Each structure stands twice: as structure tokens, then as C-alpha cells.
1. Please tell me if residue 136 is at pLDDT below 95, surrounded by fewer than 11 Cβ atoms within 10 Å (Cβ to Cβ) and outside any helix (DSSP H, G or I).
2. So is residue 75 closer than 30 Å to residue 38 by Cα and exposed (fewer than 13 other Cβ atoms within 10 Å of the Cβ) or not?
3. Can you name the number of the only condition in (1) in a helix (DSSP H, G or I); (2) loosely packed, with under 11 Cβ neighbours inside 10 Å; (3) at pLDDT below 95; (4) within 20 Å of the chain's Cα centre (by Cα) that residue 82 fails?
4. Which condition from (1) in contact with a helix residue (DSSP H, G or I) (Cβ under 7 Å, 6 or more places away or on another chain); (2) loosely packed, with under 12 Cβ neighbours inside 10 Å; (3) over 28 Å from residue 129 (Cβ atoms) is the one that residue 57 breaks?
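The values are calculated or read from the model by the stated rules, or taken from the named source; none is laboratory data. All values derive from a computational prediction rather than experimental measurement. Glycine also receives a Cβ, built like all others from the backbone with ideal geometry; neighbour counts cover every protein chain displayed.
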């Protein structure tokens, strides 16, 4: 990142990483960090040359990056999504080997009961966010 003027990516975290080095970026996907002013989303290929030209003239405001990180941290909580996905694959999809399976009500009930603590964390954190949103 240090030796480039601009980062262009289909998706992924490289455009976010570029902001830490003060580099603008162009991205074809719509990641959560595309709200940063220096991350430019390409909606149509015909606009790509124009977006690249204007992005090359831009400087990244590191205060925008700091504000984004503060908001991101404030709205985050610890949750091991990979552990959850593994449990789900093991419980319902034969260790991830099948996807078109029928899940019975009793299987779902059992999965929810076995993972109540994990679901409780998700529910509690979402309730906290809803209280913040609706208290304004």
C-alpha cells in the first residue's frame, strides 16, 4: 500500500486497509466500510475511468477513518461466527457436506436449546442496540 496511489478491488478488506495508509480506493462490491468518503463504489463500468481520475486527486482524511473505527468498535461485540457456522453445519448439514436438507422442528428446538448461551449473547446485544435506536 505504501508504494501505490490508489487501490482497486472487487471486494474484500484491501480498500479498507488502504485508508490506513492514506490511500483512496475504488471497489466494485458494497462492503460495510464503503461509507468512508475515500472508498468509492463503482455502480457502472462506464463511470470507472471518471472515478479513478477523481480518486487519484483525493487525499484521505484520517479523521474520517478514526471516526469510522470508533463507530465500528462501539457497534461491535464478541461473537465467534465461525464457531456458530461450524455448529450449524454439524447439526443440520452433515458436517457441511449437504445443503438441501430438511430440518425438523425437534432438530431446531434441540439446536436452540444446546446453543442457548450463544443465542442469548446475540439477542442481548441486539436488544441493546434497539434500545439505543429507539431512545432517540
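1. Values: at pLDDT below 95: yes; surrounded by fewer than 11 Cβ atoms within 10 Å (Cβ to Cβ): yes; outside any helix (DSSP H, G or I): yes.
Taking the combined requirement at face value, the residue satisfies it.
2. yes
3. Failing condition for residue 82: (3).
4. With respect to (1) in contact with a helix residue (DSSP H, G or I) (Cβ under 7 Å, 6 or more places away or on another chain); (2) loosely packed, with under 12 Cβ neighbours inside 10 Å; (3) over 28 Å from residue 129 (Cβ atoms), residue 57 is out only on (1).
Listed here are the residues, each with its yes/no results for (1) assigned by TED's automatic domain parsing to the domain that holds residue 20; (2) surrounded by fewer than 10 Cβ atoms within 10 Å (Cβ to Cβ); (3) not in a helix (DSSP H, G or I).
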residue: 68; (1), (2), (3): yes, no, no
residue: 94; (1), (2), (3): no, no, yes
residue: 99; (1), (2), (3): no, yes, yes
residue: 102; (1), (2), (3): no, yes, yes
residue: 106; (1), (2), (3): no, yes, no
residue: 109; (1), (2), (3): no, no, no
